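To keep things clear, I will list the structure first and then write my remarks on it.
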Amino acid sequence: MKNIWNFFKGTLVLTARGSTAYYCWVASLLILMVVGALTYVVQLTDGLIVTNMRDQVSWGFYISNFTFLVGVAAAAVLLVIPAYVYNWKPIKEIALLGELLAVSAIVMCLLFVTVDIGRPDRFWHLIPFVGILNFPQSLLAWDVAVLNTYLVLNLTIAVYYLYNLYYQREPNKKFMTPLLLFSIPAAISIHTVTAFLYNGLGARPFWNASILAPRFLASAFCSGPAFMILVFLLIRRYTRFQIKDEAIQKIAELIAYAMFINLFLLGSEIFKEYYTGTIHLAPMQYLLQGLHGHSALVPWIWTAMLFNFSAFMIFLIPDTRRNNTTLVLGCVLIFIGVYIEKGMGLVIPGFVPDVLHEIYEYVPTGMEMSLAIGIWATGLFVFTMLLRVAIPIMNGDFHVAKDGVGFHIGDNLFFLRKADRDRLVTDSEGEPTGKPGKKAKT
Amino acid sequence: MSNKPQCDNHAFQKSRRKVLKGLAVGVGVLALPAPNASASVWEAFFQKNFRELDRNELQKVLARLESEYSKEYGKQVTVKATLPIEGVKYGYGLDLSRCIGCRRCVYACVEENNQSREPQIHWIRVLRLDKEKGVALEYAEHYYNPAEVPEEGHFYMPVQCQQCENPPCTKVCPVQATWQENDGIVVVDYNWCIGCRYCMAACPYGARHFNWSKSKLPKEEMNPETHYLGNRPRPTGVVEKCTFCIQRTREQPGRYPACQEICPVGARKFGNLLDPKGEMRYLIENKRVFILKEDLNTQPKFFYFYAT
């Protein structure tokens, strides 16, 4: 118990230290979080009327973000599979970072659901035995169950692993491996369940297509890993942590396959709807062409298509995949592309036209956006804090001191260009520059 | 913290954390009842699901609500919880050949059931359809507003909760805040609903409505005869819907739903589906009847028919 407390104290001190860039980043996130929180206070006081959601379009920007982020969370599995099923070392060294992203994404998911519900004060009605969780009937009950399981699972794995490294012990494989293997079906389940949540509604033909869950998974395996690559490139450049090229290349290659499947499934759906041409075509028409003069989503979805297709080409061609600039471009395009396609592009056409064929065009209000930005900032804050602790631990820069009680911090800066780091470290701290980052033992 | 000296130059960091923590707690508290809230607020907060209340608890809840509403609306409000009548299953019939699209039913419903006047919540939506195209919802006009109805070339189709025998909305509720009663009426426990709106996504008839803001219900217009599962005033952030005027139809002697009573052309019929000699059975067996979106297998107990 004492050890846990000492570890926790150490992490608090560690997260309070960093370069100027780190401080600026964290400070701006905190400001956005405060703005988001204040927006939420207004929404709680006035009700959800401050959003542009109405009876016709009863889910909007919040649930769109939620859906996208479930995908990002599920994508950690793309790192776990090559690392632990195929025992591929270059990714094994970084798989943990994927799990930390999953934790942060799930935190955002839970926040987005919380701000969307009308009576957050009644959240306890969802707790089994205390309230009534309508399990197994309601898919939303399933979602509550799998999302929380996945959060706890990833948090347990990550904290257990880092805690042991901190105390310079070998993590117990008998405990870790089953959890890691279990995280694979758990990741698939969170996305499948979220897809089924939409899929099971006969009232909404746009979602009531059996291709939905596979499409969800395919696009998830694009967006999450694309974000991971961007983070890896940043980490590699600005911290002492080393990440091998081949690991990044492998992930980019996997993204290309996933994007191909995603585009193929999308094409299949478009064919089916347009060729049969029943009245169920209307939502697809609203999304792709506009319907009766309403076309708010049209420019967005075509941007998404263009982005996704370009990124697919970039990741498919080995030369552009290996080039850092085009790699970054591809990742950004995919992230934005999938965000549009799997967010508003998926949720809104489910409601437009509505079940009585009324067209209510939904565009989020400033309040909705400000609250959403606050939640994104919260997620990034959580992710930053987790990385701030995890990376020095994995580098061997943060571990228990020789006396077994205090802690040793070998890297006060965390986030800095390598050249600046060398200069600053020797100037101000008088410490040796430090050996090139020690690899984490796995 | 053990490492005070090192932390001091980051004092602002600590205070920042404090501010943030305060804010987080603040937001949390705002969502919950205030600590000095009266006992009834806490009672409401911890109130069980309607179907889990025993007789005593139910009486207490009803008494609490009655005193709350009476105070708020400045008149004696009764909140009943009349049970379904044995051997009754309600059904509704709507004669499309008679309906003239006057929307009197819409507003009679609003008055009877204490819907919010601003923003307006309507449990009945009347669609204007083209005679040439028939019942094709994709050509429906929701906001027709001529000087006089009926209009040449059009017919009208009111849509409200179809009280499905196989309701897709109750299945999806994550907390069982909505269910079908023994007399076939689908109801919502407004004190248990968490406002996730999954039921609204599941309903194929647009019959469910959400209280996006605090409902505005003028004191003098408030109908004080209420039912717990029906027309009592609704809190912000919950879903509501048509209950076939549960506060009227379950009484003995009962009354017709407000929409049925007001209809100037007699297009609306209401009765017990289990009564072989009843009006509903007669029209189902003898008229040209259809149900809306039959292919979804929701099995509505709301029957559209053509009497002429």
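Things worth noting here:
- Taking the range A:89-124 as the range and being within 23 Å of A:V347 (Cα to Cα) and aromatic (F, W, Y) as the test, only A:F112 passes.
- Residue within the range A:307-329 that is in a helix (DSSP H, G or I), within 14 Å of another protein chain (Cβ to nearest Cβ) and at negative phi present: no
- Count of residues meeting criterion [assigned to a loop (DSSP other than H, G, I, E, B) and surrounded by fewer than 18 Cβ atoms within 10 Å (Cβ to Cβ)] in the range B:104-121: 2
- For the range A:272-306, a residue qualifies if it is touching a residue at least 24 places away in the same chain (Cβ under 8 Å) and not in a helix (DSSP H, G or I), and the qualifying residues are A:L291, A:H292, A:H294, A:A296, A:L297.
To keep it simple, each residue is scored yes or no on (1) away from chain B (no Cβ under 14 Å); (2) polar (S, T, N, Q); (3) under 21 Å from the mean Cα position of the chain (by Cα).
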| residue | (1), (2), (3) |
| --- | --- |
| A:K89 | yes, no, no |
| A:F112 | no, no, yes |
| A:L126 | no, no, no |
| A:I132 | no, no, no |
| A:W142 | no, no, yes |
| A:L147 | no, no, yes |
| A:L153 | yes, no, yes |
| A:R169 | yes, no, no |
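- Of all residues in the range B:202-240, those that are within 14 Å of chain A (Cβ to nearest Cβ), in contact with a strand residue (DSSP E or B) (Cβ under 6 Å, 6 or more places away or on another chain) and either charged (D, E, K, R) or closer than 17 Å to B:V175 by Cβ (or both) total 6.
- B:T170 being assigned to a strand (DSSP E or B), in the same structural domain as B:K293 (by TED's automatic domain parsing) and either surrounded by fewer than 24 Cβ atoms within 10 Å (Cβ to Cβ) or touching a residue at least 12 places away in the same chain (Cβ under 8 Å) (or both): no
- Options A:V382, A:V389, A:V338: the member that is under 28 Å from A:S28 (Cβ atoms), within 14 Å of another protein chain (Cβ to nearest Cβ) and within 26 Å of the chain's Cα centre (by Cα): A:V382
- When the range A:13-22 is filtered for residues that are surrounded by fewer than 16 Cβ atoms within 10 Å (Cβ to Cβ) and at the interface with another protein chain (Cβ under 9 Å from one of its Cβ atoms), nothing remains.
- Considering residues of the range A:82-136 that are in a loop (DSSP other than H, G, I, E, B) and in contact (Cβ under 8 Å) with a residue 12 or more places away in the chain only, the residue surrounded by the most Cβ atoms within 10 Å (Cβ to Cβ): A:I94
- Restricting the range A:346-361 to residues that are over 14 Å from B:L137 (Cα atoms) and surrounded by fewer than 23 Cβ atoms within 10 Å (Cβ to Cβ) leaves a set whose member that is farthest from the other protein chains (Cβ to nearest Cβ) is A:E361.
- For B:G134: the one exception among (1) within 14 Å of chain A (Cβ to nearest Cβ); (2) closer than 21 Å to A:Q56 by Cα; (3) assigned to a loop (DSSP other than H, G, I, E, B): (2)
- Test: A:F8 is crowded, with 16+ Cβ neighbours inside 10 Å, among the aromatic types (F, W, Y), in a helix (DSSP H, G or I) and more than 10 Å from chain B (Cβ to nearest Cβ): no
- Qualifying residues in the range A:160-181 (those that are crowded, with 17+ Cβ neighbours inside 10 Å and among the aliphatic types (A, V, I, L, M)) - the one farthest from A:V77 (Cα to Cα): A:L165
- When the range A:30-58 is filtered for residues that are facing chain B (nearest Cβ under 7 Å) and either part of a helix (DSSP H, G or I) or in contact with a Cys (Cβ under 9 Å, 6 or more places away or on another chain) (or both), the ones remaining, listed by number, are A:L30, A:V34, A:A37, A:Y40, A:V41, A:L44, A:D46, A:L48, A:I49.
The values are calculated or read from the model by the stated rules, or taken from the named source; none is laboratory data. Owing to the predicted nature of the structure, the values given are computational and were not obtained by experimental measurement. So basically every Cβ, Gly included, is an ideal-geometry build from the backbone, and we count neighbours across all protein chains shown.
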